[in-house]
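Working notes for the structure below.
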Amino acid sequence: AASQSSIVEVDGSVLEGGGQILRNSLGYAAILGYPVRISKIRAGRKTPGLAAQHLESFKLVRDLTSATLEGDKVGSCEVTFAPKKLKEGSFSTNPKTAGAITLTVQAALFPLAFTGATSEVEMRGGTDVDFSPPFDFMVRALAPMVEKMGVKVTADCQHRGFFPTGGGLVNLFVDGLKGTLKPIVIDKRGHVSKVEAICYATPPSGWLEDEDVSRTEDDFEPWLLEELADRDGPKPKVQVTCEPQQMPEGQKVFKASCDILVHMSGGGVFHASGGPLDGPKGRGSLYEIWGASAEKALASLKKQLKTGAALDEHLLDQLILPATLAEGTSRLLGSKELTLHAQTALYIAEKMVPGVGIKVTPGPSGLQLVEITGIGRKVGAPPLPPTPATSSGNMTGQLPPGTLSKAQEHLLNTLRGDLGHLSANFALRVEAEAASDSFRIQGCEGPDHAAAVQQELQGICKYYNFPPPQWRPS
C-alpha cells in the first residue's frame, strides 16, 4: 500500500463538483500509476457521494489495474484508489440502474488504451439518459476524434437503455495504444461540410414502417439544409438514416429519438440529441416523433454553432485528458466562456499530470483557445506521481482558468488588500496575477514558513469561493 504522504489528495467539491472530477482523477491515477484519495465527493449535490454509475467506473478501472479500492459503496463521500499494473482483458459493468454507460466509458477509455492491447467490456445501464452523453455522441463524435489520436474504439449497441429502468447493453472494444497518443488540433471553425441525422426507434415489432422512413428521409434533408448550412458557405452534404433498435433487455419500452451531427471543414464536430421521446400512440406516427425530437436537437445545435467555437463543448472537455498525455501540442478553440466541465478537466490535469503545459488565451473574436502540450506518456512507462512544490523560496499558486481573469475589478481590489495584509503578517510578498490566474509568493524562509503562508492563502481562497491553488516552485 502507498504511504499516506504519497497519496494525491483531490477535493471532489471544487468547480463542477461532480462526476467529471471522479472520472478524470481516476483515469490519471490509473495511467500514471499513483494512488489518489478523492474526498467531499459531490458534496454540493442534492444526493452527495458516489452514485451507482460512479461506483461501476471505479470498479472497472480497479479491475483493469488490480487496484485496491477503499470507500467503494454507493453514497460514499471519500474514495481511495491505489493502482498496480494496467492489464488488458474482458470486463463487465452493471450498475443495475439507468446509470450512463457513456460516462463509465469516459472513465475507463484511456486506462484501457494504455494497457497496450485490446480489451472488451460488456456494459449494462442507460445508453440515452438525461445529463449524459448519448450513445450516438460517443460512437459518432468522440470515437472518431480518439481514433485520430491513435486509439480505435468500437461500440456495438445490443439494446438501448433509458431512464428510469436502464436495460441497455453495449459491447465495447478498445484497441491498445501503440507508442504515444497524437495531439489533436481543431483551432479553426471553417464551414458546415456535412450534416448527419440519425433517427432511431425501439418499436415492439422490431421494424420500421416504410412510410415513416421515406417521409423522414425526404423531408428532413431540405429542412436540415435550410436550418444548418452556412449562408455564405458551400452546400453541405446531408445524410438522414432511420434505424430500428432493440428495446431494453427484458422490457417493452417504445422510444424514439433524433440525433444530429454537424461536421465542420476545420475538423470539428457538433452534436445534439432531441430524445428519447415516447413512441407514437394511436394514430400517431414515428415521423411526427422524430420531427419533435429533431426540433429539440436543432435548438441546442444552433445555440452552440452561434458561439463561433470550432468544436462541440462536450467534445472539448473530453479531449482534454488525452491531450495532456499526448506527444506534442493540441489546440482546441472553444466558445467565449469555457464550460465548467472543461475548466474542471484543466484544473485536474494541472494538479495530476507532472510536466503538462496548459495555456488558455483569447483567440479570434474573444473565443477561448486551449493549448495543451502533453507529456508523451508511453504504454508501460514507470509511475509518474506529481512532485510536491518546493516549500521554500518563491512559489506560484495556479488557479483554474477564469478564476481571477474574469473576476470583477472591485473583487480583485478587495483581494489585493487582503493579500497586502497577508504579506505584512508573514514578512514576504504575495501578489495576485489576474492575467495568468495565479498567486505569486516571493521570499519564503523555509518549508514551515511556506506551509503557513499556503494555509493562510487557502483560507482566503475559500472565503472568495475560489478552488485551492496548485503550487509549484517559481
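Figures for the structure shown
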| read-out | value |
| --- | --- |
| Residue count, the range 187-236 (criterion: under 30 Å from Gly366 (Cβ atoms), open to solvent by less than 40 Å² (accessible area, probe 1.4 Å) and part of a loop (DSSP other than H, G, I, E, B)) | 5 |
| Some residue of the range 158-178 being farther than 28 Å from Glu221 by Cβ and part of a helix (DSSP H, G or I) | no |
| Qualifying residues in the range 263-282 (those that are over 20 Å from the mean Cα position of the chain (by Cα) and either basic (Lys, Arg) or surrounded by 23 or more Cβ atoms within 10 Å (Cβ to Cβ) (or both)) - the one farthest from Asp317 (Cα to Cα) | Lys281 |
| Residue under evaluation Asp128, criteria (1) modelled with pLDDT under 95; (2) under 26 Å from Leu319 (Cβ atoms); (3) touching a helix residue (DSSP H, G or I) at 6+ places or on another chain (Cβ under 7 Å); (4) charged (D, E, K, R), criterion not met | (1) |
| Residue that is farthest from Leu169 (Cα to Cα) [pool: residues in the range 244-262 that are part of a strand (DSSP E or B) and open to solvent by less than 40 Å² (accessible area, probe 1.4 Å)] | Val262 |
| Any pair with Cβ under 9 angstrom, 6 or more apart, that starts in the range 340-356 at a residue that is within 17 Å of Pro469 (Cβ to Cβ) and ends at one that is open to solvent by less than 40 Å² (accessible area, probe 1.4 Å) and aromatic (Phe, Trp, Tyr) | Ile348/Tyr28; Ala349/Tyr28; Lys351/Tyr28; Met352/Tyr28; Met352/Tyr34; Val353/Tyr28 |
| Subset of the range 423-447 [over 37 Å from the mean Cα position of the chain (by Cα) and either under 20 Å from Lys406 (Cα atoms) or in a helix (DSSP H, G or I) (or both)] | Ser423, Ala424, Asn425, Phe426 |
| Some residue of the range 168-182 being in contact with a His (Cβ under 7 Å, 6 or more places away or on another chain) and under 21 Å from Arg124 (Cβ atoms) | yes |
| Matching residues in the range 47-99 - criterion: being farther than 19 Å from Phe162 by Cα and of a type in the set (Asp, Glu) | Asp63, Glu70, Asp72, Glu78, Glu88 |
| Residue in the range 358-386 that is farthest from Ala435 (Cα to Cα), counting only those that are open to solvent by less than 30 Å² (accessible area, probe 1.4 Å) and touching a residue at least 40 places away in the same chain (Cβ under 8 Å) | Arg377 |
| Subset of the range 322-357 (residues that are farther than 21 Å from Gly12 by Cα and open to solvent by 40 Å² or more (accessible area, probe 1.4 Å)) | Glu327, Thr329, Arg331, Lys336, Glu337, Gly355 |
| Of all residues in the range 427-442 being open to solvent by 50 Å² or more (accessible area, probe 1.4 Å) and farther than 26 Å from Val356 by Cα, the one that is modelled with the lowest pLDDT | Ala427 |
| Close pairs (7 angstrom Cβ cut-off, 6 or more residues apart or separate chains): closer than 15 Å to Gln245 by Cβ in the range 195-219, open to solvent by 70 Å² or more (accessible area, probe 1.4 Å) and outside any strand (DSSP E or B) anywhere | Thr202/Gln246; Pro204/Lys252 |
| Given (1) touching a Leu at 6+ places or on another chain (Cβ under 9 Å); (2) of a type outside the set (Gly, Ala, Ser); (3) closer than 27 Å to Ala345 by Cα; (4) at pLDDT below 90, number of the condition Glu445 does not satisfy | (3) |
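The values are calculated or read from the model by the stated rules, or taken from the named source; none is laboratory data. This one's a predicted model, so the numbers in the text were calculated from it and none came from an experiment. No Cβ is skipped: glycine too gets one built from the backbone with ideal geometry, and neighbour counts run over all protein chains shown. Ligands, DNA and RNA are stripped out before the accessible areas are found, and what is left, the full protein with its side chains, is counted by its heavy atoms. Shrake-Rupley method; radii C 1.70, N 1.55, O 1.52, S 1.80 Å.
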